[in-house]
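**Student:** Shown below is the structure under consideration.
The values are calculated or read from the model by the stated rules, or taken from the named source; none is laboratory data. For clarity, every value in this text was computed on a predicted model and none was experimentally measured. All Cβ positions, even for glycine, are placed from backbone atoms using ideal geometry, and neighbour counts span all protein chains on display.
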Amino acid sequence: MAEPAIAYLLKMYPRFSETFVLAELLELERQGVRLHIFSLKKPDDGVFHADVARLRARVTYLPESVLLDLRAYAAPHRELFARDPRRYAGALATAVAQRRRTAVKHFLRAGFIAPHLQRHGITHVHAHFASAPAAVALHLHWLTGASYSFTAHAKDIYIDGTDNEALRAKLRAARFVVTVSDFNRRHLSGLAGSGGIVRIYNGLDLDRFAPNGVHRDDPPLVLAVGRLIEKKGLADLVRACALLRGRGCSFRCTIVGKGPLEAELRALVRALGVEDVVELAGPQPREQLLELYRRASVFAAPCIVGSDGNRDGLPTVLVEAMALGVPVVSTDVTGIPELVEDGRTGLLVPQRAPEALADAIGRLLDDRPGAARLAAAARTRVERDFDLHVNVAQLRSLLEEAARA
């Protein structure tokens with residue numbers, strides 16, 4: 001008998017910056033898992049990775065606005081009420097009792113999804129991010145009895161204003177919870193009051209992300225990849241580049257990504273007079289990004305804890321760079337030291353310290369043999385703990401056990 005399908009609940013699919021989600025979905029399918037994706041929002045990126053076309057899973061998009069599309073929500077809710085009035089009334093009462101503005105919205109969304117689960121025999125839902133997707137999964141659990149799990153990342157558990165009581169409820173009702181670093185696991189275990197949190201690192205296809213000995217650029221390329229938002233610390237990188245240029249260092253810096261701070265970063269580049277060495281290249285398709293990685297002499301991820309508490313969990317781009325043999329420099333925040341061991345697999349500097357960042361980048365540019373040793377050790381570290389096939393197999397086992405229960 002075939003394993004039951006697993007529902008994946010995402011805030012937006014596909015999303016250009018969430019390559020780790022797409023990689024996980026594709027690998028689950030490769031390992032034989034049948035998936036049905038529910039996306040709370042339609043994509044708005046305007047550009048997508050080519051790998052999206054490889055995914056076979058059915059994708060169901062929820063109506064854009066709960067208020068404007070009440071008719072679309074009414075029919076499935078009537079169906080649920082007719083099927084089991086007592087369960088429906090209990091789930092509605094629980095939602096209202098939460099006294100949160102978003103609770104009824106999550107309840108309505110869950111009611112839209114629930115008949116799909118019942119029609120397709122889906123008994124388990126996995127959500128990515130502990131925010132709205134996990135909340136909708138919790139309401140689905142109350143409405144249908146389906147079990148759920150979720151993966152917690154960073155912004156969804158650390159940003160100021162996070163409702164820790166609501167998060168605690170999601171943690172305690174979940175069949176299991178995955179997170180992407182031991183740092184996160186300790187934080188969530190403290191909230192949940194239990195140790196039932198599983199750390200599974202975001203993995204990579206190590207055959208695809210393999211060093212190939214391509215000649216590095218001359219002048220050397222310093223590469224950074226990420227959304228142009230505060231927690232990425234990219235303003236510190238621009239300042240570090242100005243310091244390096246002032247020291248007479250020959251290099252170029254390319255920053256890949258888009259985001260709300262683009263105008264601010266461009267203004268900083270102009271103000272510091274580094275337009276000739278710092279390029280904001282915008283988002284790049286996967287193949288072009290791989291080419292940039294292979295041309296880079298240094299990968300910089302100067303992550304910080306943002307003014308609103310937002311921070312990275314463990315940036316996938318760091319894993320990608322290390323897998324491809326690029327020497328890395330990053331900061332000692334959140335889960336990053338689990339991957340980048342200072343002086344062993346890369347260099348770590350304090351957050352918000354452009355001078356220390358400039359020193360570390362300069363050291364990697366000046367000491368090529370030393371940088372190569374760090375890069376080789378980094379690849380070994382990634383092979384040990386970040387193999388996509390191994391890590392997704394661990395997740396698959398948890399999902400299938402939950403679906404059979």
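**Student:** Look through GLY233, GLY190, GLY203 and report the one residue that is among the small types (Gly, Ala, Ser) and over 18 Å from the mean Cα position of the chain (by Cα).
**Tutor:** GLY190
**Student:** Mind checking which residues of the stretch 11-47 are in a loop (DSSP other than H, G, I, E, B) and small (Gly, Ala, Ser)?
**Tutor:** Scanning the stretch 11-47 gives SER17, GLY32, GLY46.
**Student:** So which of CYS241, CYS303 is in contact (Cβ under 8 Å) with a residue 24 or more places away in the chain, in contact with a strand residue (DSSP E or B) (Cβ under 6 Å, 6 or more places away or on another chain), surrounded by 24 or more Cβ atoms within 10 Å (Cβ to Cβ) and in a loop (DSSP other than H, G, I, E, B)?
**Tutor:** Being in contact (Cβ under 8 Å) with a residue 24 or more places away in the chain, in contact with a strand residue (DSSP E or B) (Cβ under 6 Å, 6 or more places away or on another chain), surrounded by 24 or more Cβ atoms within 10 Å (Cβ to Cβ) and in a loop (DSSP other than H, G, I, E, B) holds for just one of CYS241, CYS303, which is CYS303.
**Student:** Can you say whether PHE81 is of a type in the set (Phe, Trp, Tyr) and within 20 Å of GLU165 (Cβ to Cβ), as far as the supplied structure shows?
**Tutor:** No: the conditions fail for PHE81.
**Student:** Condition check: more than 20 Å from the chain's Cα centre (by Cα) and either within 17 Å of ALA132 (Cβ to Cβ) or in contact (Cβ under 8 Å) with a residue 12 or more places away in the chain (or both). Does ARG15 satisfy that?
**Tutor:** It is false that ARG15 is more than 20 Å from the chain's Cα centre (by Cα) and either within 17 Å of ALA132 (Cβ to Cβ) or in contact (Cβ under 8 Å) with a residue 12 or more places away in the chain (or both).
**Student:** A further question on this structure: Name the residue, out of LEU292, LEU324, that is over 18 Å from ARG239 (Cα atoms), at pLDDT 95 or above and in contact with a helix residue (DSSP H, G or I) (Cβ under 8 Å, 6 or more places away or on another chain).
**Tutor:** LEU324
**Student:** Being small (Gly, Ala, Ser), within 26 Å of the chain's Cα centre (by Cα) and either more than 20 Å from ALA72 (Cα to Cα) or part of a helix (DSSP H, G or I) (or both) narrows it down to one of ALA127, ALA91, so name that one.
**Tutor:** After ruling out the rest, the residue left standing is ALA127.
**Student:** Looking at the stretch 272-294, I want the residues that are assigned by TED's automatic domain parsing to the domain that holds GLY257 and buried (at least 18 other Cβ atoms within 10 Å of the Cβ) and have a partner that is at pLDDT 95 or above and hydroxyl-bearing (Ser, Thr, Tyr) with Cβ atoms under 7 Å, at least 6 apart or on another chain. Which pairs are those?
**Tutor:** Pairs that qualify, where the first residue is assigned by TED's automatic domain parsing to the domain that holds GLY257 and buried (at least 18 other Cβ atoms within 10 Å of the Cβ) and the partner is at pLDDT 95 or above and hydroxyl-bearing (Ser, Thr, Tyr), are LEU292/THR254.
**Student:** If you don't mind, there's one more thing I want to ask. Would you confirm whether any residue within the stretch 2-22 is modelled with pLDDT under 95 and exposed (fewer than 15 other Cβ atoms within 10 Å of the Cβ)?
**Tutor:** Yes: one or more hits.
**Student:** If you check ARG344 against the conditions, is it without any contact (Cβ under 8 Å) to a residue 40 or more places away in the chain, of a type in the set (Lys, Arg), more than 29 Å from ARG186 (Cα to Cα) and not assigned by TED's automatic domain parsing to the domain that holds HIS124?
**Tutor:** no
**Student:** Scanning for something closer than 13 Å to ALA358 by Cα, at pLDDT 95 or above and out of contact with any Gly (no Cβ under 7 Å at 6 or more places or on another chain), does the stretch 303-315 turn up at least one residue?
**Tutor:** So far as the stretch 303-315 goes, no, none of its residues is closer than 13 Å to ALA358 by Cα, at pLDDT 95 or above and out of contact with any Gly (no Cβ under 7 Å at 6 or more places or on another chain).
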